[in-house]
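Please read through the structure below; I'll follow up with questions.
The values are calculated or read from the model by the stated rules, or taken from the named source; none is laboratory data. The shown structure was predicted, so the numbers you read here are calculated from the model rather than taken from an experiment. Don't worry about glycine lacking a Cβ; one is built from the backbone with ideal geometry, like all the others, and counts go over all protein chains shown.
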Amino acid sequence: MRTILVLMDTLRKDYLKSYNTNSTVKTPNIDEFSKDAVTFENHYIGSTPCMPARRDILTGRLNFLERSWGPVEPFDITFPKLLNSNGIFSHLATDHTHYFRLGGEGYINQYNSWDFQRGQEGDPFHSLIRDPEWMPEHYNGKLRKQYQANREKWYENENEYPTPRTFSSACEWLEENYEEEDFFLQVEVFDPHEPFDVPQKYMDMYEQGYQGDFFETPLYGDVDVSPEAVEYIRNRYSALMTMTDHHFGKLIEKLKKLSIYEDTLIILTSDHGYFLGDRDLFGKNYMHNFNELAAIPLFVKLPNNEMAGERNDSLTQNIDIMPTLLDYYDIRIPEEVQGVSMKPLFENLPREKYYALYGAHGITVNITDGRYTYFRAPNSENQPLYEYAAIPTTIRHYLGEQDPLSIETGRFLKRTDYPVYKVPIKQAAILDGLGDMSAYTSYNLLFDLINDPQQNEPIQDGILEEKLIEDLKEQLKKLDAPKEQFKRLNLE
């Protein structure tokens with residue numbers, strides 16, 4: 001069997017016409033693909049941001065309850081390794097530079113082979129001592145000198161941008177291997193993640209006449225620019241979606257040309273959303289997990305286009321991808337997997353998944369049953385809080401490096417005898433460099449998604465909140481959450 005997973009980073013669900021008929025964003029290839037696929041209405045993140053989300057996908061377990069951004073651990077059971085042990089070849093085509101920075105160790109090594117297209121975000125790709133040729137004197141938001149150097153490699157040459165190169169690489173791999181009957185291909189592009197760098201021809205589809213300062217990457221926090229600049233950054237994001245969609249279309253075209261589109265299982269999803277001035281916020285991670293961030297797209301095209309064009313409102317998450325793939329390859333799903341296979345949904349069989357938990361380590365813990373969403377805030381000290389890791393790297397630094405004497409070691413995780421570090425955390429690692437952001441999540445919120453799908457009107461219902469608190473406690477126990485999470489979340 002052939003399976004393909006396509007990941008587009010930071011893909012907003014509500015910017016796609018398949019989910020929002022009022023969207024003006026041009027994504028004709030995703031729109032057309034959705035006609036052959038099952039569109040999932042209630043698909044949620046698990047752990048955020050980038051690397052926690054990928055560990056979720058590879059292991060079928062929630063990363064954020066135990067640790068923040070980090071590597072594949074020695075005791076992790078990943079689906080590419082299980083595929084390999086069962087004779088299924090796996091390949092990763094990506095431009096996701098986080099696989100190659102501190103805290104991204106071990107992911108690419110799960111696959112039989114991989115291909116990396118360089119240059120996204122802060123990738124130290126174009127080695128320049130001098131300043132890049134184009135560094136704007138005036139700009140809004142953040143400006144990365146390294147990225148400005150990288151873009152000299154492709155400026156306005158669309159096919160040389162990392163995302164087009166990644167889709168092209170995947171197409172070349174298919175040309176070499178399409179006659180094989182069993183393989184897994186992961187095609188993963190960093191776009192439409194910031195910086196929202198895109199050739200002008202795509203910007204011309206959305207924006208006319210912006211006269212403000214250069215603006216490609218917002219600063220995380222409250223909106224700090226004019227309404228015109230907010231509209232402009234949304235247009236840049238939309239334009240980048242359109243470019244990404246265009247090259248996704250080339251992948252689909254290649255599959256059809258090779259006559260393997262019909263019988264291939266294809267999954268298209270993202271890792272999380274992003275705030276583009278919504279709720280007067282930019283970015284991600286520090287705020288409550290409103291659906292702009294937490295509700296993400298999921299399309300599953302089944303072999304022979306079965307159930308083409310159908311919509312499914314079952315509750316799903318990215319941790320469900322791993323067991324689904326194993327199910328289709330008829331490989332036993334390990335007991336430690338927390339996700340639930342989606343295959344029964346395509347066979348009219350019962351499937352037991354009633355809640356989804358999601359969040360970022362050390363911030364809120366959130367639960368939904370598909371009807372209600374409940375955001376549980378930590379106590380005022382956000383303590384006690386620990387990270388559990390055998391490999392103590394995280395984004396930009398090492399866990400516990402400021403106070404190594406406070407680190408404990410032991411067999412703290414139920415699912416493994418592997419000893420791990422237990423590292424006390426004062427502030428969530430993903431918020432490093434942002435200052436004190438605790439005010440954004442210092443309170444609980446409860447929403448009714450049927451009557452308030454935009455989550456604009458929090459409801460006050462003590463009975464319902466108590467029920468969701470009990471559900472949350474039950475799920476935390478079921479998911480082997482560290483015991484201190486109950487105290488940190490005032491759930492004792």
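Please determine whether any residue of the range 143-155 is among the aliphatic types (A, V, I, L, M), touching a helix residue (DSSP H, G or I) at 6+ places or on another chain (Cβ under 7 Å) and either outside any loop (DSSP other than H, G, I, E, B) or not assigned by TED's automatic domain parsing to the domain that holds G122 (or both).
Our first condition is that a residue be among the aliphatic types (A, V, I, L, M); within the range 143-155, this holds for 143, 149.
So of that shortlist, the ones also touching a helix residue (DSSP H, G or I) at 6+ places or on another chain (Cβ under 7 Å) come out as none.
Within the range 143-155 (the criterion being among the aliphatic types (A, V, I, L, M), touching a helix residue (DSSP H, G or I) at 6+ places or on another chain (Cβ under 7 Å) and either outside any loop (DSSP other than H, G, I, E, B) or not assigned by TED's automatic domain parsing to the domain that holds G122 (or both)), the answer is no, since none of the residues qualifies.
Something else now. Applying the selection to the range 300-321, what residues are surrounded by fewer than 24 Cβ atoms within 10 Å (Cβ to Cβ), in a helix (DSSP H, G or I) and of a type in the set (S, T, N, Q)?
The answer is N304, N305.
Return yes when S34 is surrounded by 24 or more Cβ atoms within 10 Å (Cβ to Cβ), under 27 Å from D369 (Cβ atoms), small (G, A, S) and in contact with a strand residue (DSSP E or B) (Cβ under 6 Å, 6 or more places away or on another chain) and no when it is not.
no
Y286 passes all but one of (1) among the hydroxyl-bearing types (S, T, Y); (2) in a loop (DSSP other than H, G, I, E, B); (3) in contact with a Lys or Arg (Cβ under 8 Å, 6 or more places away or on another chain); which number fails?
(3)
For the range 346-411, which fully contained strands (runs of 3 or more DSSP E) count at least 3 residues that are crowded, with 16+ Cβ neighbours inside 10 Å? Walk me through it before giving the result.
Numbers: elements: 356-358, 365-368, 372-376, 386-389, 408-410.
Hits in the range 346-411: 356-358, 365-368, 372-376, 386-389.
Could you please tell me which pairs satisfy a Cβ distance under 6 Å, a separation of 6+ or placement on different chains, a first residue in the range 436-449 that is small (G, A, S), and a second residue that is at pLDDT 95 or above and part of a loop (DSSP other than H, G, I, E, B)?
S442/A377
Among the candidates E466, E457, E470, single out the residue that is within 15 Å of H288 (Cβ to Cβ) and of a type in the set (D, E, K, R).
Values: E466 fails: within 15 Å of H288 (Cβ to Cβ); E470 fails: within 15 Å of H288 (Cβ to Cβ).
None of the others qualify; the one that does is E457.
Any residue at all in the range 103-113 that's in a helix (DSSP H, G or I) and crowded, with 17+ Cβ neighbours inside 10 Å?
Within the range 103-113 (the criterion being in a helix (DSSP H, G or I) and crowded, with 17+ Cβ neighbours inside 10 Å), the answer is yes, since at least one residue qualifies.
Y372 is checked against (1) assigned by TED's automatic domain parsing to the domain that holds A439; (2) at positive phi; (3) not charged (D, E, K, R) and fails just one. What number does that condition carry?
Among (1) assigned by TED's automatic domain parsing to the domain that holds A439; (2) at positive phi; (3) not charged (D, E, K, R), Y372 violates only (2).
Quick grid of which residues meet (1) of a type in the set (D, E); (2) within 21 Å of D123 (Cα to Cα):
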| position | (1), (2) |
| --- | --- |
| K142 | no, yes |
| W154 | no, yes |
| L185 | no, no |
| D191 | yes, yes |
| G209 | no, no |
| G212 | no, no |
| E216 | yes, yes |
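Shifting gears a bit: Might you let me know whether the range 305-313 holds any residue that is touching a strand residue (DSSP E or B) at 6+ places or on another chain (Cβ under 7 Å), on the phi > 0 side of the Ramachandran plot and either modelled with pLDDT under 95 or not assigned by TED's automatic domain parsing to the domain that holds A429 (or both)? I'd like the intermediate steps shown before the answer.
Kept after step one, since they are touching a strand residue (DSSP E or B) at 6+ places or on another chain (Cβ under 7 Å), are these residues of the range 305-313: 307, 310-313.
In the following step, the residues that additionally are on the phi > 0 side of the Ramachandran plot were identified as 307.
Now narrow it down to the ones that are either modelled with pLDDT under 95 or not assigned by TED's automatic domain parsing to the domain that holds A429 (or both): 307.
Checked the range 305-313: at least one residue is touching a strand residue (DSSP E or B) at 6+ places or on another chain (Cβ under 7 Å), on the phi > 0 side of the Ramachandran plot and either modelled with pLDDT under 95 or not assigned by TED's automatic domain parsing to the domain that holds A429 (or both).
Could I ask something else about it? Among the candidates Y210, Y237, which residue alone is within 25 Å of M135 (Cβ to Cβ), part of a loop (DSSP other than H, G, I, E, B) and assigned by TED's automatic domain parsing to the domain that holds Y286?
Values: Y237 fails: part of a loop (DSSP other than H, G, I, E, B).
Of Y210, Y237, the one residue that is within 25 Å of M135 (Cβ to Cβ), part of a loop (DSSP other than H, G, I, E, B) and assigned by TED's automatic domain parsing to the domain that holds Y286 is Y210.
Further question: Enumerate the helices (runs of 4 or more DSSP H) found wholly within the range 1-93, keeping only those where 1 or more residues are more than 22 Å from W114 (Cβ to Cβ) and modelled with pLDDT of 95 or more.
Values: elements: 28-36, 50-59, 79-85.
Hits in the range 1-93: 28-36.
Answer yes if at least one residue in the range 159-175 is touching a Lys or Arg at 6+ places or on another chain (Cβ under 6 Å) and part of a loop (DSSP other than H, G, I, E, B), and no otherwise.
Among the residues of the range 159-175, not one is touching a Lys or Arg at 6+ places or on another chain (Cβ under 6 Å) and part of a loop (DSSP other than H, G, I, E, B), which makes the answer no.
Is there a residue in the range 156-165 that is over 26 Å from L58 (Cα atoms), of a type outside the set (K, R), touching a residue at least 60 places away in the same chain (Cβ under 8 Å) and in the same structural domain as G283 (by TED's automatic domain parsing)?
Within the range 156-165, one or more residues are over 26 Å from L58 (Cα atoms), of a type outside the set (K, R), touching a residue at least 60 places away in the same chain (Cβ under 8 Å) and in the same structural domain as G283 (by TED's automatic domain parsing).
Still on this model: How about the range 123-137: which of its residues are touching a Phe, Trp or Tyr at 6+ places or on another chain (Cβ under 8 Å) and at pLDDT 95 or above?
D123
To keep it simple, each residue is scored yes or no on (1) surrounded by 18 or more Cβ atoms within 10 Å (Cβ to Cβ); (2) more than 25 Å from L219 (Cβ to Cβ).
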site	(1), (2)
P419	no, yes
S438	no, no
L445	yes, no
N451	no, yes
N456	no, no
K487	no, yes
E492	no, yes
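Say whether the condition of being among the aromatic types (F, W, Y) and surrounded by 19 or more Cβ atoms within 10 Å (Cβ to Cβ) is met by at least one residue in the range 322-337.
No: zero hits.
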